[in-house]
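Worksheet for the structure shown next.
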Amino acid sequence: MKFYWTMNAAESGCGKKCAMICLLCVASFLAQISSAQSAAPQTKNEAVNANPLDAPGLEEKVDALLQKMTLEEKIGQLVQYSAGQATGPTSGRTDDRDMIRKGQVGSLFNVTGARETNALQRIAVENSRLKIPLIFGLDVIHGFRTTFPIPLGLAATWEPEIVEKAARVAASEASSAGVRWAFSPMVDIARDARWGRISEGAGEDPYLGAAMARAYVRGYQGQRLDATDSIVACAKHYVGYGAAEGGRDYNSTEISEHTLRQFYLPPFRAAEEAGAATFMSGFNALNAIPTSANPFTLKQVLRKEWGFRGFVVSDWNSVGEVQAHGIANDAATAARKALLAGVDMDMVSNAYHRNLLQLLQSGQIAQSDIDEAVRNVLRVKFAMGLFDHPYTDENKESSAMLRPESVSIARQAATQSLVLLRNEVVSGVPMLPFSARIASLALIGPLGDDAGNMIGSWGALGRSADAVTLRRALGEKLGDANVHYAKGTGFLNGPDSDIAAAVAAAQSSDVVILALGEDAPTMTGEAASRTWLGLPGRQEELLEKVVAAGKPVVLILFSGRPLTVPWAFEHVPAVLAAWFPGVQAGNALADVLFGAAAPAGRLPLSWPRSVGQEPLYYNALNTGRPEADPEHPAEKGEKKFISRYIDAPNSPQFPFGYGLTYTTFSYGVTQSSAKQLPFASLQNALAEPAHQSPVVSVSAEIKNNGARAGETLAQLYIRLEGTSVAMPVRMLKGFQKVALAAGESRKVTFELSADTFAFWGAENKFAVEPAHVTIWIAPNSAEGESTTLEITGTRQ
Ligand code: BGC
């Protein structure tokens with residue numbers, strides 16, 4: 001945990017002298033510590049490095065340079081274009097080199113390669129008056145050349161260490177190609193699987209999301225941001241974008257301040273605390289104010305409360321789109337509103353380039369508004385060492401890519417991202433893992449041999465030629481002649497004869513693997529929202545016909561979201577959620593299918609039964625008429641007037657945190673070291689700088705009931721009742737992987753600090769309140785045997 005005590009004291013306008021007593025400072029300090037509450041605490045491996053943006057001497061460098069800059073040069077630092085065709089499709093400019101020479105561009109993206117970036121950098125550094133280097137960005141989302149599982153898959157590992165390693169590999173590859181800035185991590189909380197971009201984040205939970213956010217930032221930015229192999233992280237899309245109404249991309253969002261603070265902001269806060277040097281504002285309107293012109297989220301929360309020192313870049317044209325939102329009737333007003341709200345850099349819209357000068361001359365913005373934004377940009381450029389080493393070594397680029405150790409991390413990450421959803425007993429044994437005796441196998445479906453799709457959306461420089469498909473991996477394992485591959489159908493369509501050929505392949509094989517799901521580039525990621533979450537095209541028909549052939553079937557779902565396939569969950573003996581696993585897809589899947597590795601992934605979201613349940617998330621409020629409350633008067637005898645659907649249960653198909661493996665575990669009753677925690681002592685603990693110290697420990701006995709060693713993911717949930725605002729039926733507050741030998745039992749303990757119990761209450765601050773607390777140590781969000789404790793006392 002990192003504190004901004006001194007900085008906040010200074011920022012709140014009273015300087016160091018009164019820092020110890022000033023009420024404003026105390027309030028600010030409390031806001032700082034408490035706003036971190038719902039972000040997950042660091043694991044022992046996550047020691048926090050000093051924030052590179054606080055490095056001594058940085059401000060002096062920034063100030064000295066700022067003083068030399070003309071107004072045009074200052075505005076130039078706030079302008080970003082997509083390279084490619086000149087300065088990019090939306091810029092309307094064809095004179096990019098001239099613009100760089102004149103200092104009219106601060107950043108370019110979508111240009112990669114040491115030679116290519118160096119050539120442009122040379123213009124900035126050698127031919128522009130002040131020699132300010134460009135920062136080159138890119139959507140490095142789940143790897144650069146070595147592609148890892150999509151972020152939703154990485155979240156399914158519940159393994160921040162592997163995510164950090166993946167991000168480190170991405171940093172080293174990207175930086176060797178001149179890219180020193182990743183537009184990642186996307187830390188949007190997503191509760192609605194219709195939204196295509198659910199694939200790009202860590203799912204629905206703020207605690208897991210915060211852990212993942214930190215891991216990416218630490219991986220990208222490394223031990224030292226100014227190292228040549230580190231890249232700047234960008235926490236996006238700030239904020240609330242994932243709550244797009246109806247799951248329709250770019251749609252508006254309405255999020256109360258409580259919900260924003262409690263659920264949507266914590267992963268951003270965690271990224272900021274981990275030192276993320278940039279943020280990206282969003283496309284969405286949040287409570288009727290576009291997030292790229294939203295002073296509350298950008299200035300009040302990010303800058304004032306959190307003390308963010310980096311810069312904010314807009315999303316693609318999102319400054320321009322402020323007009324379409326309807327709060328600016330021309331581009332100049334859009335630029336003014338965005339700048340004043342706290343967007344420092346304009347991605348491609350041209351609104352800053354064209355309007356800031358005139359806005360200043362007409363007195364609509366102040367010199368200090370521009371200076372502040374330029375300072376933020378320059379601070380990052382200095383902190384990342386760009387002035388000291390603006391160029392990239394052209395001789396090292398190719399050797400940085402796809403190193404064997406990187407590929408092995410990709411295989412590990414992919415293996416751990418696979419979630420086993422179902423594994424029924426067939427002929428006396430669980431369907432998976434396969435026994436070694438399989439003589440022939442039918443591999444059926446459009447995703448069985450589609451290398452490009454293994455990369456997933458936002459593939460950066462990932463190449464399909466590098467990706468191992470399931471067909472290739474199985475062929476290597478069983479011999480090509482024993483793997484009967486039949487595509488069965490395309491994603492959306494295909495002839496009857498292909499389905500017939502697939503059924504024939506199934507009939508002539510011992511077992512069948514069906515590789516079905518979504519086409520990553522067109523059905524997942526940005527602008528890929530869906531109103532129906534079943535298998536696209538004829539795939540459901542293919543599935544049912546192949547299962548009817550009577551052979552044991554394993555269904556592997558490749559997707560950027562949970563898919564509603566209830567028939568499969570009833571009729572197919574084994575189902576594995578594979579997301580899009582990256583370059584090592586086939587090898588990772590073969591490892592798990594044949595038992596070289598056990599499935600370790602757990603769902604980072606609630607898997608719906610039907611699209612009509614969306615938005616669906618486990619950490620929901622109870623309502624006044626909950627479904628499963630037999631004591632409720634409305635439920636006695638009559639089941640109608642409760643909060644439920646008349647045609648489906650409220651519960652998901654599979655709960656958040658769920659996932660099977662090749663052995664089974666039982667969780668004993670959760671025990672707590674204390675039955676009462678005085679409210680006042682928790683409050684004091686929260687106010688102390690070391691407020692992470694434990695106030696209670698909870699434990700449960702976990703037993704491996706099977707005949708094989710295995711690993712379970714012990715998850716800690718709490719519920720608070722009697723509080724000033726209604727709190728969710730469960731909230732994740734910890735997790736740990738527990739490896740147990742066959743038959744072994746172990747007591748697993750979680751040490752809980754005061755933060756665990758703090759939340760954004762009715763008084764509009766993070767605090768602890770007297771409450772009845774239920775605590776579960778459980779294998780997922782729907783199971784576990786709880787204990788209770790009381791936070792006693794009264795609030796002043
Ligand atoms: C996306 C961002 C991305 C940006 C730059 C936008 O359309 O929303 O996530 O970083 O483009 O490519």
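Determine one quarter of the surface area of the Cα convex hull of the range 658-725, which equals its mean projected area, and express it in nm² to one decimal.
6.9
Under the Kirkwood approximation applied to all pairs of distinct alpha-carbon atoms, what is the hydrodynamic radius of the range 232-373 in Å?
15.0
For the residue pair E783 and A366, what label-to-label distance in nm results when each label sits 7 Å from Cα along the Cα-to-beta-carbon direction?
6.0
For the range 723-796 and the range 643-678, what is the centre-to-centre distance using only Cα atoms, to the nearest Å?
Computed from Cα coordinates, the inter-centre distance equals 13 Å.
Quote the FRET efficiency, to the nearest 0.05, computed for K68 versus E763 with a Förster distance R0 of 51 Å and r equal to the Cβ-Cβ distance.
0.60
May I ask you to give the average projected area over all directions of the convex hull of the Cα atoms of the chain, in nm² rounded to one decimal?
Across all orientations, the chain yields a mean hull projection of 34.5 nm².
Per the helix-only calculation at 222 nm, which mean residue ellipticity applies to the chain, given -39500 (n - 2.57) for every DSSP H run of n ≥ 4 and division by its residues, nearest 500 deg cm²/dmol?
Here the helix-only value at 222 nm equals -8000 deg cm²/dmol.
Which far-off residues, 5 or more places away or on another chain, put their amide H under 5 Å from the one on E785, with H placed in the peptide plane?
So E785 has HN proximity to T670, I777.
Quick one: which of 57-65, 373-381, 526-534 comes out on top by average Cβ neighbours within 10 Å, and what's the full order, highest first?
373-381, 526-534, 57-65
Counting only Cα, what are the radius of gyration and maximum Cα-Cα distance Dmax of the range 49-180, in Å?
Using the Cα atoms of the range 49-180, the pair Rg, Dmax is 17.4, 50 Å.
Given all pairs of different Cα atoms, what value in angstroms does the Kirkwood hydrodynamic radius of the range 323-429 take? Could the numbers behind the result be given before it?
Numbers: mean 1/r = 0.0523 Å⁻¹.
Radius from the Kirkwood sum: 19.1 Å.
In terms of Cα to Cα distance under 14 Å, which aspartates and glutamates are near enough to K236, apart from those fewer than 8 places away along the same chain?
Here the aspartates and glutamates satisfying the reach criterion relative to K236 are D139, D188, E200, E272, D315, E526.
Per residue, how big is the convex hull of the range 121-163 when only Cα atoms are used? Give it in Å³.
Each residue corresponds to 100 Å³ of Cα convex hull volume.
To the nearest 10 square angstrom, how much accessible area does I409 have with a 1.4 angstrom probe?
30
Report, in whole Å, the centroid distance computed from the Cα atoms of the range 310-332 and the range 427-490.
Using only Cα atoms to place each centre, the spacing works out to 45 Å.
Suppose the chain between L492 and A726 were pulled fully straight at 0.36 nm per residue; how much longer would it get relative to their current alpha carbon spacing?
Roughly 79.8 nm would be gained on extension.
What shape does the range 403-512 take by its C-alpha gyration tensor, where a ≥ b ≥ c are the square roots of the eigenvalues and a/c under 1.5 counts as rounded, a/b above b/c as prolate, and the rest as oblate?
Here the range 403-512 falls in the oblate category.
Which value, in Å², gives the accessible area per residue of the range 644-746 when a 1.4 Å probe is used on the protein heavy atoms?
Each residue of the range 644-746 exposes 42 Å² on average to a 1.4 Å probe.
Keeping the other protein chains in place, figure out the carbon and sulfur percent of the accessible area of the range 636-727, with a 1.4 Å probe. Write down the numbers at each step before the final one.
Values: 2390 of 4360 Å².
On the range 636-727, the fraction of accessible area on carbon and sulfur atoms equals 55 percent.
Which three extents, in angstrom, do the Cα atoms of the range 174-242 have along their principal axes, listed largest first?
39, 22, 16
For the range 525-571, compute Rh as the Kirkwood radius over C-alpha pairs and then the Stokes-Einstein diffusion coefficient at 10 °C and 1.306 mPa s; write the answer in µm²/s, rounded to an integer.
132
In whole Å, what is the distance between the alpha-carbon centres of the range 104-149 and the range 159-235?
19
The values are calculated or read from the model by the stated rules, or taken from the named source; none is laboratory data. Everything numeric in this text was worked out from a predicted model, so none of it was measured. Positions of Cβ are generated from backbone atoms using ideal geometry, with glycine treated the same way; all protein chains shown enter the neighbour counts. Protein only, heavy atoms only, side chains kept; ligands, DNA and RNA dropped before computing areas. Shrake-Rupley method; radii C 1.70, N 1.55, O 1.52, S 1.80 Å.
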